[in-house]
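In what follows, a single structure is set out as structure tokens and then discussed.
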Amino acid sequence: MSRCHAAARPLAKQLRQPCALRSFTSGAIRAAEVQEQAAATPPELSGLDLDPNTVSPEFEAQLAKAGKMPIGSRRRRLALRTTSNIPFEQLPYQAFQEARKILAADRLDKLAKIKLELEKLDKLERTDAAAIKGGQQMKDTKLASLRREVERLKLLADANDPLVKKTFEDGLGDMNKPIYRALAEKKWRAYDYRLTAQRIEQFSIVPDVLPKLDPRADVQLFFRRAKVAPGDVVPSLTSEVAPRLRVQVFDPGQRLVTVVVVDADVPALESDGFTKRCHYLAANIPLSPADTSLPLGRIRADDQLAVPWLPAFSQKGAPYHRLGIFLLEQRPGETVDVAKLRELYGNNNKDNSQPGDDGSSSSSSFSLKSMRDKFGLTPFGFTMFRAVWDENTAAVMARHGIPGADVELRPTRVYSLKPPVKPRGWEAKRQGPKYRHLWKYTKRIKGISTARGWIKRR
């Protein structure tokens, strides 16, 4: 058989099959009828459609309205939907199973390297420091280097494990384990860290509040169950209640932290500038990688709360106020004297929250840098929001006894000290009636403008 006959035989076999014929009609096409029927009959809901792990794309909006967000990608949810009775590691996909074999071999290689490094570490610990060139200092340096290498290999051993990634994407990862903390930090630095660093530079938090600030923890802000992105404007009625923070740290162990909320834009009319005001101050708050919720309104202990929550407000006519939320880590094993904090900054908060008759604040100003130096604190987390005057600000100020709602701030016009400059140039010399036919080309020259009505057309 020739090659052309071998290629034509399957095609001829397909052409011999009887095809269904449909006569011409003047009515609507069949595809439109099918679409109308599909639109008339809504799809039926099943248990898988409202499950965040298996929801289909057409029911994502309905699930979000119910307060639940889909988990993972659409491809992953479709795989779990079609293979609901099969464990994740036994999914019947050939490429997936072959990839798991490669990853398992790589993990065994990493475990062998970890065993080798641990043997080196044990041998070095048993070696006398006098036998090492450089003495005890060089021995400690090598031990620290070997420990870092062991921790790095432990992360690489589980970094590509599908079960680990699935557990992390489902939000079920144990943050006490290094691998889940490493995945969380990688996800945070991909976007949220960059956004926070941009807001710090954009709103001049450095150097207005602190001379240097590099966040090392993921801090999320919630007002009344609503998440607030860094730098968003929050209505005064919403910020009347103390917010809740979700703080995710990426280093192991528990530590004590101090939370400070600072308003960096309090008008000071007597000095024609701005001062700072403390809206909230609490210390000795325990924080760990697994315990992330930090509701500021529930911190009422005398050994923790120094300055209670003062609602964010801005007077009418004033620019927006930048309210920064700073988290500062205390020294290990030490607590901060809250009574001293209350003595130093409690009156400052009351004085600065009481504007004068002209809307100005008191001469005292809160300094976060000074507080950091006095108590030996280290900033490690930051987020912020903004406050402006709105229709509810006056009522919020009245409920909390804050005067100044009837004062409106207006900018003072600063006149130029330069003498007026006479218009010059070719266009300025041809503004008389003799050159009326050229006026349409000289609308925007400095000093003379037909758009503002300075030159009347006849």
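The values are calculated or read from the model by the stated rules, or taken from the named source; none is laboratory data. Not measured: the values here are computed from a predicted model. With ideal geometry, Cβ positions are generated from the backbone for all residues, glycine too; neighbour counts draw on all protein chains shown. Heavy atoms of the whole protein, side chains included, go into the accessibility calculation; ligands, DNA and RNA do not. Shrake-Rupley method; radii C 1.70, N 1.55, O 1.52, S 1.80 Å.
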Next on the checklist: Straight-line reach from Lys113: which lysines fall under 16 Å, measuring Cα to Cα and dropping same-chain residues less than 8 apart?
Outcome noted: Lys123, Lys154
Checklist entry - To the nearest µm²/s, what D does Stokes-Einstein give for segment 143-264 at 20 °C and 1.002 mPa s, using the Kirkwood radius over alpha carbon pairs as Rh? => result 126
Next on the checklist: On a 24 Å Cα-Cα criterion, which of the cross-link pairs Lys65/Lys227; Lys187/Lys374; Lys115/Lys177; Lys68/Lys187; Lys340/Lys369; Lys68/Lys166 come out too long?
Outcome noted: Lys187/Lys374
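How much net charge surrounds Tyr435 when only other residues with a Cβ under 10 Å from its Cβ are counted (Lys, Arg +1; Asp, Glu -1)?
Numbers: positive: Lys429, Arg430, Lys434, Arg436; negative: Glu427.
Around Tyr435, the surrounding residues sum to +3.
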Next on the checklist: Can you give me the % of accessible surface on segment 138-286 that is carbon or sulfur? Probe 1.4 Å, all protein chains present, nothing else counted.
Outcome noted: 51
Checklist entry - Thr383's amide H: which non-local residues (gap 5+, or another chain) put their own amide H closer than 5 Å, with H modeled 1.01 Å from N in plane and none for Pro or chain starts? => result Ile325
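Could you do me a favour and compute the accessible area per residue for segment 94-160, 1.4 Å probe, result in Å²? Intermediate results must be reported in sequence, preceding the final value.
Working: 4880 Å² over 67 residues.
Heavy-atom SASA per residue in segment 94-160 reads 73 Å².
Quick one: ranking Ile71, Ile102 by accessible area, 1.4 Å probe, largest first, what do you get?
Numbers: Ile71 40, Ile102 120 Å².
Highest to lowest solvent-accessible surface, that is Ile102, Ile71.
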Checklist entry - Per-residue accessible area for Phe88 at 1.4 Å probe radius, Å² rounded to 10? => result 40
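Quick one: net charge around Leu172, please, counting Lys, Arg +1 and Asp, Glu -1 for every other residue with C-beta under 13 Å from its C-beta. Intermediate results must be reported in sequence, preceding the final value.
On the way: positive: Lys165, Lys166, Lys177; negative: Glu169, Asp170, Asp174.
Net charge in that neighbourhood comes out at 0.
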Checklist entry - Sorted by average packing, counted as other Cβ atoms within 10 angstrom per residue and highest first, what order do 110-116, 175-181 take? => result 175-181, 110-116
Item to check | Cross-link reach list, aspartates and glutamates versus Lys142, counting only Cα pairs under 16 Å and skipping chain neighbours closer than eight places | outcome: Glu117, Glu119, Asp122, Glu125, Asp128, Glu151
Item to check | Binned Cα-Cα distance frequencies in segment 94-160 - 5 Å width, integer % | outcome: 3, 17, 20, 16, 13, 10, 8, 6, 4, 2, 1, 0
